[in-house]
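Read the structure below first, then the notes.
The values are calculated or read from the model by the stated rules, or taken from the named source; none is laboratory data. Source: prediction; values computed, not measured. Because the Cβ atoms are built from the backbone with ideal geometry, glycine has one as well, and the counts that use them run over all protein chains shown. What goes into the accessible areas is simple: the full protein's heavy atoms, side chains included, and nothing from ligands, DNA or RNA. Shrake-Rupley method; radii C 1.70, N 1.55, O 1.52, S 1.80 Å.
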Amino acid sequence: GVGGTNAHVIIEEAPERSPSEESDFPFHVLCLSGRSKGALDDNTAALVNWLRANPEAKLADVAYTLKEGRRGFGKRRVVVAETASEAADLLEAADSRQVFTHDHLGDAPEVVFMFPGGGAQYAGMARDLYETEPVFADWMDRGLDHLQASLDYDIRALWLPEEGQEKAANAALQKPSVQLPLIMIVEYALAQLWISWGVRPSAMVGHSMGENTAACLAGVLSFEDCIDLVLLRGQLFDTVPAGGMLSISLPLEEVQALIGDDLDIASVNAPNLTAVSGPQAALDRLAETLKARDIDHQRIQIDIAAHSRMLDGILNQYGTFLRGLTLSAPQIPILSNRSGQQLTAEEATDPDYWVRQLRGTVLFADCMETLSAVAGRIYLEVGPGKALSALAQMAPAVKPGQVLSSLRHPDQSVMDDAYFFGVIGRLWACGYEADWDQIWGEATRHRLSLPTYAFQRSRYFIEPGTTRQAPETAPLVRTDDLSDWGYRPVWRPRLADCTLDIETELSQDPQIWLIFEDDLGLAAKTAERLTAAGHKVARVRPGDTYAQLTETSFVLAPEQGRAGYAALLADLEREDMLPSRIAHFWLVTDKESFRPGSSFFDRNL
């Protein structure tokens, strides 16, 4: 040999690999990334093609290879699935409720735990986590066992009702003394579950009662003392005279100029969203003023004038109980509802602070302004519902991709533990690494030969040009007739084309109808006539999120844009209900109604 060609080595065939073992979990988190959105989309398409070609592949090995064998770039995407075929279907459908795309926020961004207050509960919240996550189950059992000793009813029967009892349980959970301690225990158990998965908060914020949970997790008071305090909070609320709250789409200064002496500012939730609280009669007068001035407002579905002077009668008893507790300085930074700044050790150990926190205005918008001064944080809602997630996204410095929620919306048909795994994946997409070793477990995992990176190649060669002659244009001439000098667009009102007599021939040409249903019943009557005549009818009403309620009944959040409509059409296609006719009744109104956080203008737009 010449040069290096005489160097050689003799190798033997590699031994056969031991088979890949079963995963501890039925579902798996697939992680994809790219340097640009185009590369991410191409990498996704390549993986879909591979999964289609290898439907029998072990998805656990696919997930392991994507997470541990690939570099993570700036544009990231995650999906949770049980089989290769399901993963391919989900990635191809690109439903934003199931396939999540995020921008990488940096290496190990800080996580902020957000704890919601009253009203976020629903029967069955976190049921699947209770059945599959031992840490969550242990804290729930410990909390519920302590709480049960103070109750004369079965709190577990309301939290996890038997099939068919959900409606009655939700009605019982409307009572403050029932809902508040249960929400607090769920929040605390969720926080401990996240910590066990390696997700630790750098700061915490709670809304109203949620600040009690944050204080408990930070070590200000014990778990059992916090349960007793929140139970007392709810029991005292039960004794307060009936009142109400009104959410107004105005900044604090403008609301203060509008309210009378009978009302208080309950909370400042966002720069242009303020809630007032007080007697119902005073709220009715304010609502009339707001309506006359064309100011967006919405009643909050609660019969308590929270954070108002109507609570003054219960403050002494609340303070007396607090003075019997041992309060310590927080070990984790907490944002104060009273100031919007970090809670000091002096405030945390002062019983009078917590009395003022019960009575005073919740400055949640100020809390978010303080927190968002540190760029690139992840805001994780730790509790039921998505109310705080929505409020956090209203902060000017917070982008929607920075806000996550731990539990599904009650209308979403997804398992709680699968949703939880999706959030672990979304944390990775934002840049935060949870304890993925718990996902892989002790099972043997193999790396697979998956599609390589889809480089975004561009061609820069300048093709030879061809000579083209510009077409001749007629010279401009003057028009003396003034009627030809301009135009204006106008509406020409006319009835829709219809070849049938709808009184007698409606059943002769059955169609598939998609009806966007109004609140006045006009669409409902139309749907009933069409159904009676043999037509298929799917009905959509506006709500807080997209959900399929039945085969032909849907809820859609119009303010959220394209994603909900895409999901609607995908579900209609699956039900073989893609429409041949669409009837839109949402602009039929008899008053300026809209959902909280929206406005009449946005509702119609």
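Is the C-alpha gyration tensor of region 280-369 telling us rounded, prolate or oblate? Criteria: a/c under 1.5 is rounded; beyond that, a/b larger than b/c is prolate, otherwise oblate. List each step's numbers first, then the result.
Working: a/c = 3.97, a/b = 1.74, b/c = 2.28.
Judged from the Cα gyration tensor, region 280-369 comes out oblate (a/c at least 1.5, b/c at or above a/b).
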**Request:** Quote to one decimal, in nm, the extra length available between Ala375 and Thr344 on full extension: 0.36 nm per residue of separation minus the C-alpha distance between them.
**Result:** 8.9 nm
**Asked** What 222 nm value per residue comes from the helices of the chain, counting each DSSP H run with n ≥ 4 as -39,500 (n - 2.57) and dividing by all residues, nearest 500 deg cm²/dmol?
**Response** -10500 deg cm²/dmol
**Prompt:** Out of every Cα pair in region 180-229, what percent are spaced more than 15 Å from each other?
**Reply:** 39 percent
**Complete:** The set of residues whose placed amide H lies less than 5 Å from the amide H of Met245, leaving out same-chain residues fewer than 5 positions away, is Ile300, Ile302
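Given that compact globular proteins tend to follow 2.2 N^0.38 Å, what is the ratio of the alpha-carbon Rg of region 464-578 to that value? Mind showing how you got there, number by number?
Values: Rg = 24.2 Å, N = 115, 2.2 N^0.38 = 13.4 Å.
Here the answer is 1.81, to two decimals.
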**Request:** Could you calculate the FRET efficiency of Ala257 with Arg457 from 1/(1 + (r/R0)^6), where r is the beta carbon distance between them and R0 is 56 Å, rounded to 0.05?
**Result:** 0.40
**Prompt:** With a sphere of radius 11 Å drawn around the Cβ of Gly118, what net charge do the other residues whose Cβ falls strictly inside it have (Lys, Arg +1; Asp, Glu -1)?
**Reply:** +2
**Item:** Antiparallel DSSP beta bridges within the chain, as percent of all bridges there, nearest 5
**Value:** 50 percent
**Item:** Longest to shortest principal axis, alpha-carbon extents of region 245-402, angstrom
**Value:** 50, 43, 28
**Request:** Return the Rg/Rh value of region 153-204, two decimal places, where both radii are evaluated on C-alpha atoms and Rh is the Kirkwood radius.
**Result:** 1.12
**Request:** Give the distance, in whole Å, between the Cα centre of region 550-605 and the Cα centre of region 205-246.
**Result:** 37 Å
**Asked** Using θ = phi - 60° and the Karplus form 6.51 cos²θ - 1.76 cosθ + 1.60, what ³J(HN,Hα) does each residue of region 167-175 get, whole Hz, x for Gly and Pro?
**Response** 4, 5, 5, 4, 5, 5, 6, 5, 6
**Message:** Let me make sure I get this right: for region 515-557, a, b and c are the square roots of the gyration tensor eigenvalues over alpha carbons, sorted descending. Under 1.5 in a/c it's rounded, otherwise prolate if a/b > b/c, else oblate. Which is it?
**Reply:** oblate
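Hey, could you grab the Kirkwood Rh for region 248-291? Inverse mean 1/r over distinct alpha carbon pairs, Å, one decimal. Mind showing how you got there, number by number?
Values: mean 1/r = 0.0966 Å⁻¹.
Mean inverse Cα-Cα distance, inverted, gives 10.3 Å.
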**Asked** Measuring from label point to label point, each 7 Å out along Cα→Cβ, what is the Asn54 to Val414 span in nm?
**Response** 2.5 nm
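Rolling a 1.4 Å sphere over the protein heavy atoms, what is the accessible area per residue of the chain, to the nearest Å²? Intermediate results must be reported in sequence, preceding the final value.
Numbers: 31800 Å² over 605 residues.
For the chain, the per-residue accessible area is 53 Å².
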**Prompt:** In whole angstrom, how far apart do the alpha carbon centroids of region 18-34 and region 463-524 sit?
**Reply:** 52 Å
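Expressed in nm to one decimal, what extension gain is obtained for the pair Phe601 and Ala281 from 0.36 nm per residue of sequence separation less their Cα-Cα distance?
112.5 nm
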**Asked** Got a sec? Charge dipole of the chain, +1 on Cβ for Lys and Arg, -1 for Asp and Glu; which of Thr589, Leu193, Ala443 is way out at the positive end?
**Response** Thr589
**Prompt:** Using modelled amide H (1.01 Å from N, peptide plane; none on Pro or chain starts), what sits under 5 Å from the amide H of Ile334, excluding residues fewer than 5 places away?
**Reply:** Met204, Leu343
**Alpha-carbon Rg with Dmax, taken over the chain, Å** = 29.3, 101
**Prompt:** Got a sec to turn the phi values of region 195-211 into Karplus ³J(HN,Hα) couplings, 6.51 cos²θ - 1.76 cosθ + 1.60 with θ = phi - 60°, whole Hz, x for Gly and Pro?
**Reply:** 4, 5, 8, x, 9, 10, x, 8, 7, 9, 9, x, 9, 6, 4, x, 5
**Asked** If one computes the Cα centroid of region 339-386 and of region 133-160, what distance in Å separates the two points?
**Response** 27 Å
**Prompt:** Given 10 °C and 1.306 mPa s, how large is the Stokes-Einstein diffusion coefficient of region 418-532 in µm²/s, with Rh as the Kirkwood radius over Cα pairs?
**Reply:** 62 µm²/s
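How much space per residue, in cubic angstrom, does the convex hull of the C-alpha atoms of region 148-273 take up? All intermediate terms of the calculation are to be shown ahead of the outcome.
Details: hull volume 21.3 nm³, N = 126.
Looking at region 148-273, the number lands at 169 Å³ per residue.
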**For region 532-605, the Rg and Dmax computed from alpha carbons only, in angstrom** = 13.3, 40
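If the viscosity is 1.002 mPa s and the temperature 20 °C, what Stokes-Einstein diffusion coefficient in µm²/s follows for region 352-450 when Rh is the Kirkwood radius over Cα pairs?
Values: Rh = 16.2 Å.
Once the numbers are plugged in, D ends up at 132 µm²/s.
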**Message:** Let me cross-check Ser483: its accessible surface, 1.4 Å probe, with only protein heavy atoms counted, in Å² to the nearest 10?
**Reply:** 80 Å²
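Ordered by packing density, taken as the mean number of other Cβ atoms within 10 Å over each peptide's residues, highest first, how do 290-300, 305-315 rank?
Result, highest mean Cβ count within 10 Å first: 305-315, 290-300.
Report, in listed order, any pair from Lys175/Lys386; Lys386/Lys591; Lys58/Lys386; Lys75/Lys167 with a Cα-Cα distance greater than 32 Å. Don't skip to the answer; put the middle values down first.
Numbers: Lys175/Lys386 20 Å; Lys386/Lys591 28 Å; Lys58/Lys386 34 Å; Lys75/Lys167 42 Å.
Flagged as over cut-off: Lys58/Lys386; Lys75/Lys167.
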**Request:** Determine one quarter of the surface area of the Cα convex hull of region 23-129, which equals its mean projected area, and express it in nm² to one decimal.
**Result:** 8.7 nm²
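Highest mean first, what order results for 537-548, 3-14 on Cβ atoms within 10 Å?
Working: 537-548: 20.7, 3-14: 5.8.
The packing order, highest mean first, is 537-548, 3-14.
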**Prompt:** Mind listing P(r) for region 1-86? All alpha-carbon pairs, 10 Å bins, whole percents.
**Reply:** 14, 36, 22, 13, 12, 2
**Asked** In region 257-404, carbon and sulfur make up what percent of the accessible area (probe 1.4 Å)?
**Response** 50 percent
**Complete:** Ordering 467-478, 414-425, 109-120 by per-residue average of other C-beta atoms within 10 angstrom, highest first, gives 109-120, 414-425, 467-478
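Give me the percent of accessible area attributable to carbon and sulfur for region 28-145, probe 1.4 angstrom. Don't jump to the answer; show the numbers that get you there.
Numbers: 2180 of 4820 Å².
So the carbon and sulfur contribution to the accessible surface is 45 percent.
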